[in-house]
1. For segment B:319-339 and segment A:7-30, write down the distance between their C-alpha centroids in whole Å.
2. Give me the net charge of residue B:658's neighbourhood, meaning all other residues with Cβ under 10 Å from the Cβ of residue B:658; Lys, Arg count +1, Asp, Glu -1.
3. Inside 10 Å of the C-beta atoms of B:627-638, what's the mean count of C-beta atoms belonging to other chains?
4. Tell me the net charge near residue A:2. Cut-off is 13 Å between Cβ atoms, residue A:2 excluded, with +1 for each Lys or Arg and -1 for each Asp or Glu.
5. Reachable lysines from residue B:421, Cα under 22 Å, same-chain residues fewer than 8 places away excluded?
6. If you count only protein heavy atoms and use a 1.4 Å probe, how large is the accessible surface of residue B:320, to the nearest 10 Å²?
7. Report ³J(HN,Hα) in whole Hz for each residue of segment B:650-664, in order, from the Karplus equation J = 6.51 cos²θ - 1.76 cosθ + 1.60 where θ = phi - 60°; Gly and Pro get x.
8. In a shell of Cβ-Cβ distance under 12 Å around residue B:551, excluding residue B:551 itself, what net charge do Lys and Arg (+1) and Asp and Glu (-1) give?
Amino acid sequence: MHTLSINGNEQQVDVPGDMPLLWVLRDVLGMTGTKFGCGIAQCGVCTVHLDGKAVRSCVLPISSAVGHEISTIEAIGETEVGQKVQASWLEHEVVQCGYCQSGQIMSAVALLEKQPDADDAAIDAAMAGNLCRCATYTRIRAAIKSVSQA
Amino acid sequence: MEKPRFKSSRRRFLQGSTLAMGGLVLSTWLPPLIARSAAADAVAPGRLGEQSPTGYGAFVRVGHDGRVTVISPKIEMGQGTHTGIAMMVAEELEVSLDQVEVVDAPPNHKLYSDALLEFQGTGGSTATRVTWEPLRQAGATARILLIQAAALGWKVAPSQCHAENAVVFGPNGLRAGYGELVDAASALPVPTDVPLKKPEQFKLIGKPLQRVDTPNKVNGKTKFTIDLSVPDMQIASTLTCPVHGGTLRSVDDSAARKVPGVRDVVKLDNAVAVIASNYWACQQGLNALKIDWDLGANASINSAELEQALQDASSRDGVIAHKTGDISASLKSASSQFEAVYEQAFLSHSPLEPMTCVVHVRPDACDLWVGTQVPVFAQQTAAQVTGLAPETITVHNQLIGGAFGRRLDFDFITQAVAIAKQVSYPIKLIWSREEDMTHDMYRPHYVDRITAAFEGDKLLGWQHRIAGASVLARYAGSLPENGVDADAVEVAIEPLYAMDNLQVHYIREEPKAIPVSWWRGVGPLRSTYVLESFIDELAHNAKADPLEYRLKLMQGQPRAQAVLKMLAEKADWKTPLPAGQGRGLSVSAVFGSFVASMVELEMQGDKGVRIKRLVSVIDCGLVTNPTSVMAQIEGGTLFGLSAAFFNEILLEQGQVQQTNFHNYRQIRISEVPGVEVHLMPSLELPGGVGEAGTALIAPALVNALHAASGERVRRLPLTRAGYYIV
């Protein structure tokens with residue numbers, strides 16, 4: 001049995017310690033906002049926050065998440081930066097299919113929490129791990145910049 | 001896994017497909033096709049009530065609460081079509097977009113066939129083109145009936161009434177909400193004369209309205225197929241034979257069954273599925289299987305062999321797809337000739353949501369919850385696998401996490417149903433990324449050989465040989481009697497450039513061991529790459545400016561000329577660049593639209609490429625939602641750029657070598673500038689946009705590379721020639 005802190009709530013899960021956080025979220029806890037794309041930390045659609053840092057949940061064993069604060073897309077709108085990023089995403093009409101956008105938003109929020117005045121270089125560095133096959137990159141960059149300048 | 005039969009005859013299907021991919025012919029073909037489409041016919045005899053199963057009730061329902069439901073014949077996979085279709089209906093029905101809910105049409109070829117595709121599907125960049133008239137008509141019909149119902153009740157003339165914001169207003173302050181009028185309106189005869197608004201009367205169409213599906217896509221609430229859960233559902237994942245055409249001999253599943261969470265192991269002809277309480281357990285179970293495959297006849301096939309066969313084919317004559325003038329005589333009499341051979345690689349679709357399908361097979365019925373571009377084919381394959389009647393198969397279509405053509409196929413649905421048939425509970429099949437990439441249906445590898453004849457400076461014409469697998473034949477079952485794959489030769493048979501002699505050959509060369517399918521951009525993408533590379537070479541050979549050279553040859557092509565000129569201006573074509581930098585152009589008529597694109601790049605060292613600017617201009621006729629058009633060109637451009645720079649599927653011993661995004665890499669935000677998109681104001685009929693940006697970018701890229709480095713790359717992707725992005 002593992003005790004996890006997810007979006008401020010304690011959750012008990014009875015799963016093997018090497019099960020990735022992604023599948024605990026999705027298949028055990030029914031939190032499907034965090035997506036599966038590659039399983040090898042190459043696409044970033046599974047991005048969540050671990051103590052505020054963007055991590056790829058598809059390769060994070062649940063045993064390593066114990067004792068840390070996990071945040072997911074389901075609750076990121078409750079933070080000030082999260083709310084701003086979501087609003088900016090809609091204002092800039094970033095989304096196409098939308099499948100990768102949970103991960104994009106989690107990476108963007110982690111960046112802006114740490115670096116509220118993120119410039120192009122910082123955006124590139126922080127967002128390079130998040131693929132978008134619809135290639136919404138033009139608007140992702142614009143949406144982040146409008147928050148960072150706000 | 002057999003494919004379902006197409007309901008429409010093959011001949012009609014082939015005709016439809018030819019048109020569906022949409023080149024210049026569309027502007028003349030579009031109105032009559034729409035006029036006789038099944039969907040348009042269905043608008044006429046209906047009723048307005050919520051329960052109405054047919055009629056414009058096929059597209060529009062108005063509830064007693066006044067809410068409007070639009071039944072979309074097109075699925076949403078990111079292209080914004082749900083919003084565009086809702087805008088068309090709302091425009092004529094006089095409601096605001098937030099009063100409209102969009103749902104996907106159930107499988108029903110008769111009601112929802114695409115007038116260009118001639119089956120119910122979403123693809124070929126046809127959605128706006130084919131819904132433009134019938135969906136506005138459906139909205140207008142409903143509005144007219146609601147007004148008539150109000151007028152009758154008030155005993156006034158309909159001409160004294162008008163509708164606005166879901167309310168009918170009459171003289172002397174009379175007013176009634178749509179909800180109050182539904183029952184009376186449903187009883188009225190359907191008008192035959194349904195005039196539509198003129199563009200200058202549009203209130204919604206042409207405005208950059210917020211998409212209806214995006215708010216829940218920024219907070220994790222949207223459920224894609226992979227996110228669904230139904231009672232008692234288990235997760236399934238498969239290992240399919242690594243060689244296409246191979247089969248399962250036997251499997252030892254004793255260790256797999258001991259993995260905690262694993263519930264069942266199911267054998268198929270060419271695959272093994274592990275069913276478990278969660279995906280992780282499925283993968284642990286699959287890893288523990290000891291499988292004995294019969295790899296079959298394709299187990300020795302390598303890419304080199306397939307490529308050689310295509311090279312050889314490109315020197316044969318095949319069948320003649322188009323002939324104007326006499327190119328043989330021109331080549332004989334020519335004062336000079338120029339030949340080039342271009343190659344394009346096999347490509348995977350790799351949408352970020354892998355192939356996935358939820359299915360529950362019961363003795364008397366079956367439910368499918370799946371994001372599919374082809375709901376009727378999904379229904380038919382489930383019927384075939386289960387032996388159930390199609391009407392007992394319910395398809396619940398879902399928002400799609402990327403398709404790019406992949407979900408025009410239903411192999412994964414067939415597999416999901418075959419697994420579910422063997423168990424009593426619902427399953428959600430999820431392919432791993434590795435399964436998804438190695439068991440895709442790939443964009444074909446093509447070899448084009450093109451030879452131009454000149455008399456002095458004058459282009460007499462060219463002979464163009466196109467060798468490759470036929471996606472059309474694979475999808476429809478065969479090619480028409482003339483043996484021409486109309487998709488593969490599209491654009492090539494109608495170049496924008498004036499010439500007296502043109503001969504286009506199609507040489508069908510089917511690769512072993514690798515199934516092929518539609519890939520975003522389809523025929524127009526493959527031919528635009530070749531033509532726009534070739535014309536650029538001709539311009540350089542003539543020591544002419546590539547822009548001026550094109551413009552001079554583009555006679556009788558005002559819309560193409562206009563987008564190219566606008567591009568030149570927006571992209572600062574005439575401003576000189578320092579050495580080591582270059583710009584490349586492309587222009588084409590694709591999917592009923594005219595598009596021009598420019599890449600500006602800088603060489604860093606021998607092979608390092610920094611992409612500095614990407615600019616596109618599109619004339620897609622009347623625009624429904626300009627934001628969606630721009631977003632499609634932005635994303636489509638980068639989608640095509642990613643493939644042209646990096647992507648190639650290769651076979652060794654019959655097995656696809658690219659397995660995940662580490663060895664089939666995609667472009668990242670840090671590697672590209674934003675795409676600058678400009679819309680040409682236009683009152684022409686709408687053209688397609690979803691694939692338009694993708695179709696233009698590869699030639700602009702290789703042309704820019706040539707301008708910057710002097711090296712002409714004739715084989716995609718660029719990484720094959722050692723280039724990398726910095």
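The values are calculated or read from the model by the stated rules, or taken from the named source; none is laboratory data. It should be emphasised that the depicted structure is a prediction, and the values quoted were computed from it without experimental measurement. Cβ: placed from backbone, ideal geometry, glycine included. Neighbour counts: every protein chain shown. Side chains are part of the model used for accessible areas, which takes the heavy atoms of the whole protein and leaves out ligands, DNA and RNA. Shrake-Rupley method; radii C 1.70, N 1.55, O 1.52, S 1.80 Å.
1. Distance between centres, Cα-based: 67 Å.
2. On the way: positive: B:665; negative: B:434, B:440, B:648.
Computed value for this residue: -2.
3. The mean count of partner-chain Cβ atoms within 10 Å per residue comes to 4.
4. Neighbourhood net charge equals -3.
5. B:3, B:267
6. About 90 Å², rounded to the nearest 10.
7. Going residue by residue, I get 10, 10, 10, 6, x, 10, 5, 8, 8, 10, 6, 6, 7, 10, 9 Hz, with x marking Gly and Pro.
8. +1
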